[in-house]
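Okay, structure first, notes after.
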Amino acid sequence: ESNPIWSVVSRIVDRVREGDESTETIPGQPAGQSPALEEPTEPRDPLHPKPDQAAPELRTATGRPVDGSAQDRAQDGAHLTSAQGVRLSDSDHSLKAGPRGPVLLQDHHLREKLMHFDHERIPERVVHARGAAAHGVFVSYGTAANVTKAAFLQEGVETPTFTRFSTVIGSRGSADTVRDTRGFATKFYTSEGVYDLVANNIPVFFIQDAIKFPDLVHAAKPHPDREIPQAQSAHDTFWDFVSLHTEAMHHTIWVMSDRGIPRSYRTMEGFGVHTWRLVNAHGETTLAKFLWKPKLGVHSLVWEEAQICNGVDPDFHRRDLADAIEAGIYPEWELCIQTFPDTPEQTFEGIDLLDPTKLVPEELAPAQPVGLLTLNRNPTNYFAETEQVAFHAGHLVPGIDVTDDPLLAGRLFSYLDTQLLRLGGPNFAQLPINRPHAPINDMLRDGMHQTAVHTGVAPYKPNSLDGGCPFFAGVPEGGYVEVPAPVAAAQKVREAPESFADHFTQPRMFWLSLSPVEREHTIDGFVFELGKCYEQAVKERTLRALAEIDHYLCERVAEGLGLPAPEPARELPDVPPSPALSQVGSIWPVKGRVVGIVADDSADLDEVRFLRSAVFNGDMVPLIIAPTGGELGADTDDPLTVQRSFVTGRSVELDALILVSAPTPGGDAFATRDAKAWSGADASVDPRVELMLTEAYRHAKPLGALTAARSAFDSARIPTRAPGVVIDDDVEALFRGVVDLLHQHRIWERFPAHA
Ligand code: HDE
C-alpha cells in the first residue's frame, strides 16, 4: 500500500470512478486520462512531487537554500556552530566535572568534533597521490572539427576545465622534484558532458597490457619491508622489474633523461599516450594521439638542483604553479593532435598504434594545434577540489572513442573502480568538482553519500509513470554512439601481437635524438639510480638491456657503476632521430621566470629598484635577497622589501641571479659579519653568496653582476668571462644581457658533454 506508484495510480483510478476528472493528473497528460498504456514516444515532464512531498531544494552544507549568490558556500553566518547548526559557546574546553575533574561522556560537542576529525582523511591515490591543480579555460581553434564532432572542439567554443598535475610513485606528502613521470590530467566540463584527458608528461608507458600494472607499481613503490625509498625508482625492485620486463625500457630512458625532472608543471608537455578513435559529423573515423605543448617550452631541472629543492622547498612545483596563477602569469598549453588513417592494421609508417610503448615521431605525423588551455584560477580548497577530483580515461564525449589498445582497456575499468575506495561510494560524480556542466538525467539512484533528492517514481526504462522519461538520444540528439568498429573473429588467447616484441628501436631513437648535454644527463640518471641498487645481478641485467639501446650509453653507465660493460650482442640498427624529442636549442618566453637580485645596504638602491621593475615589467618574478630580512633602505622614502635573507634564500629557487652591491671600504662586496665569522678574514664574501653563485653556476643559470660586485665571483672562483656571466657597469645593459640568456633556459655550454 505504501508503494508511491500504486498510490498515484489508485488515486487517479478512484477519481475517474467518482466522475471527478478535474484534478490529480500526471503532468503532460490531458486531465482525466489514466496513465498511457503504451510507453510514451515523446519527451514529457516527469511526475511532479505529490502534495505530501516538499519540492527538493538545494541547500548549502550549512542548510541555507542555494540562490546562486556568492554566499553559496560551505560556511555561513557569524557564529561557530555544530554540524547541526546549533550555536556554540565554547570549543576550547571539554565539559568536565570541575576544572580538574573527569571529562563527561555527555559532551556531545567534543564527541562530534573528534568524530569528524578522526575521519578527515581518505585513502590517497594508489598512484599519482601527490598533486597540484588549477581551474582554467579551453578555447578551441576549430581545426579538429573535420575529424571530430566533439562540441568542445568546434571553432571558438570555450570550455571550463580543471587540470591536476602529479608525481606517480610518491605518497601524498612526498616532495615535488623527485625523478619520476608526471601526470597531467584535464577535466573538460563540456556542453555534452565531462571529457577527461588523463595524460602523462611522457608519450609512452612502461607496459603494454593493463594486467602488468600491479606488477609495475609494486616494483616501483618503496620496498614492502622498510618502506624505503620514498618517491623514487632508485632501488632494486624497480630495476629488477624493468630489466626483466624490457618493454619498460622506453619509458625508463625517458624518466632517466631530463624529462624525469621538469623545471615546472608550466614547462611540461602532456601526452594522451594511447591512440584514440575520432569520429566526425559524417561518421568518418580517424585515429589520433593527443599532445599538450606548453607555450613556455619544455624545460627541466638539473639533478643536483632537483635534489636540493626536495629539501629546501618540497612544494617547489605546487608553489610555482599557484604563484604564477596568483601573479596573473597564466600558464598556457596548446592541445595538439597527431592523426592517422583508420586502417584495419592500425599502424602508421610501420609503428603499431595500439602499442602504448611506441610514439609516433612528430616529424612523421606533425602535432596539429586544435585549441588553447589557459590555467587562470587556483583551487579554493585543496581537499574539496584537488584531492576529490576523479578522473577517468572513459569519461568520453561524442566524437572521441577508444581503440583496442590493451593498456587502455584496463584503464577503462580501473579509474571508476579506484574511486569507490577513495571517495567512498558510487556518487562521486555529485562532488562539486566532478559535477558535469551539462544536464544530468541518469537513473542512477541511492548509494553511499547520495546528496541529490531525486523526484519521480520511475528510475527505470521503459516506464510510463514518469512520462517515459528520460529519453534516449540518438546521433541527431547528441547521443554517445560507439563507432561500429569491426572486431576480427579470433580465438581467445593470452598473447601480444608480434610487433609488441620490439622493445629497443624506439628507446634507441630517443637516445639518438638527444643533444650531447641531454645524453650526459641521462647517463648520470642511470648511474645514480643503479648506483643506489644493492643487487649486482640487477645492475648487470640492466647494463645488458642498455647495450641493446646504445653501446656508448651502456659503456658510460657501466663505467659509472665500476662494472665491466657487457659485450655488444648485436649491431644496433640505424634509427633516424626525432629532433622534436630534444629540449635544447630553442629560444623561449621568460614569463614567470624567477630572477634573484642579491643586494645589501651598500647597494645603490635606485639600481635595485630599476632591476626590480624591469623584471616585473618583463612578466618575471623578482626576489630581493639580502643579508637579513626586513627592508633595504629602511630609512629612505621608498624602502625595498626583502623577500629572502641569506638564511632563507637558496639558488634553486632562481632561474637567474644578479648581484648588486658596492664593496665595503677596504673589503669585498657582501662582506657581512657572518662572512668574517666563517672565514676569519676581514675581506671575505659571505659564504652563502658564494654558495648561491657556485650552485647557480653549476646548474648553468645566467649570472650577472654590476662591476662593483664582481669580487664575489673571484671569491667563488667563477671566471667572469665564463659563458653566461654578464658583468656590466650599466644596470640596464646588465639586465638585458641576463634576460637574453634566460630565453635559452640554461647556459648549455657550461655542462660537460662528451656523448
Ligand atoms: Fe593511471 N591511474 N593507470 N595512467 N593515471 C590512476 O586513478 C591505471 C596510465 C594517470 O590526477 C588511478 O584516480 C592503470 C597511463 C594520471 O587524479 C588509477 C593503468 C597514463 C593519473 C590508475 C594506468 C595514466 C592516474 C589512481 C594501466 C597516461 C592521476 C588514482 C592500465 C596516459 C589522475 C585514480 C589524477 C591515476 C590506473 C596507466 C595517467 C588506479 C590500471 C598510461 C595522470 O585508477
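Derivation of every value follows stated rules applied to the coordinates shown; laboratory data play no part. In this text, all values refer to a predicted model and were calculated from it rather than measured experimentally. Here the Cβ is made from the backbone with ideal geometry for all residues, glycine too, and neighbour counts use every protein chain on show.
Give the lysines whose C-alpha is closer than 21 Å to that of Lys113, dropping any in the same chain fewer than 8 places away, or say none.
Here the lysines satisfying the reach criterion relative to Lys113 are Lys96.
Got a sec? Charge dipole of the chain, +1 on Cβ for Lys and Arg, -1 for Asp and Glu; which of His108, Pro566, Ser645 is way out at the positive end?
So the residue we want is His108.
Rounding to the nearest 20 debye, state how big the charge dipole of segment 594-750 is about its Cα centre with +1 on each Lys and Arg Cβ and -1 on each Asp and Glu Cβ. Kindly include the intermediate steps, with their values, before the conclusion.
On the way: 15 positive and 25 negative charges, 162 e Å.
Magnitude of the dipole: close to 780 debye.
Along the charge dipole of the chain, which of Ala83, Val178, Ala669 sits closest to the positive end, that is, farthest toward it, with unit charges on the beta carbon of Lys, Arg, Asp and Glu (+1, +1, -1, -1)?
Ala83
Give the cross-link partners of Lys539 among the lysines, using a straight C-alpha distance below 19 Å as the criterion and excluding same-chain residues fewer than 8 apart.
Partners found: Lys221.
Whole percent per 10 Å bin, from 0 to the bin with the longest distance: what is P(r) over all C-alpha pairs of segment 504-581?
Using 10 Å bins, I get a P(r) of 20, 51, 26, 3 for segment 504-581.
With 10 angstrom as the radius, rank Arg130, Arg435 by how many other C-beta atoms surround their C-beta, starting from the fewest.
Lowest to highest Cβ neighbour count: Arg435, Arg130.
What is the distance in Å between the Cα centres of segment 147-216 and segment 563-607?
25
For each pair in Lys532/Lys701; Lys358/Lys532; Lys212/Lys358; Lys187/Lys293, compute the distance between the two Cα atoms and list the pairs where it is over 19 Å.
Numbers: Lys532/Lys701 28 Å; Lys358/Lys532 29 Å; Lys212/Lys358 17 Å; Lys187/Lys293 17 Å.
Among Lys532/Lys701; Lys358/Lys532; Lys212/Lys358; Lys187/Lys293, the Cα-Cα distance tops 19 Å for Lys532/Lys701; Lys358/Lys532.
Running Debye on segment 483-636 with equal point scatterers at the Cα sites and no solvent, what base-10 log of I(q)/I(0) appears at q = 0.11, 0.14, 0.17, 0.18 Å⁻¹?
-0.74, -0.85, -0.98, -1.04
Could you give the dipole magnitude of segment 419-523 about its Cα centre, charging the beta-carbon of Lys and Arg +1 and that of Asp and Glu -1, in debye to the nearest 20? Walk me through the intermediate numbers first.
Numbers: 8 positive and 10 negative charges, 48 e Å.
Using only the charged Cβ atoms, the result is roughly 240 debye.
Averaged over all directions, how much area does the convex hull of the C-alpha atoms of the chain cover when projected, in nm²? Each step should come with its number before you reach the end.
On the way: hull surface 182.1 nm².
Computed as one quarter of the Cα hull surface, the answer is 45.5 nm².
To the nearest 20 Debye, how big is the dipole of the chain about its Cα centre, given +1 on the beta carbon of each Lys and Arg and -1 on that of each Asp and Glu?
Working: 68 positive and 106 negative charges, 234 e Å.
It works out to roughly 1120 debye.
Determine which residues of segment 709-733 fall in the zone a paramagnetic label at Asp606 would reach in this model, i.e. backbone nitrogen under 13 Å from the point 7 Å along Cα→Cβ.
Answer for this model: 731-732.
Starting from one equal scatterer on each C-alpha and no solvent at all, send me the Debye-based log10 I(q)/I(0) for segment 594-750 at q = 0.10 Å⁻¹, two decimals.
After summing over all Cα pairs, the log10 values are -0.30.
Hey, could you grab the Kirkwood Rh for segment 132-175? Inverse mean 1/r over distinct alpha carbon pairs, Å, one decimal. Don't jump to the answer; show the numbers that get you there.
On the way: mean 1/r = 0.0795 Å⁻¹.
Every distinct Cα pair counted, the radius reaches 12.6 Å.
Could you work out the pair-distance distribution P(r) of segment 460-560 from its alpha-carbon pairs, with 10 angstrom bin width and percents rounded to whole numbers?
Result returned by the calculation: 11, 24, 15, 12, 15, 11, 10, 1.
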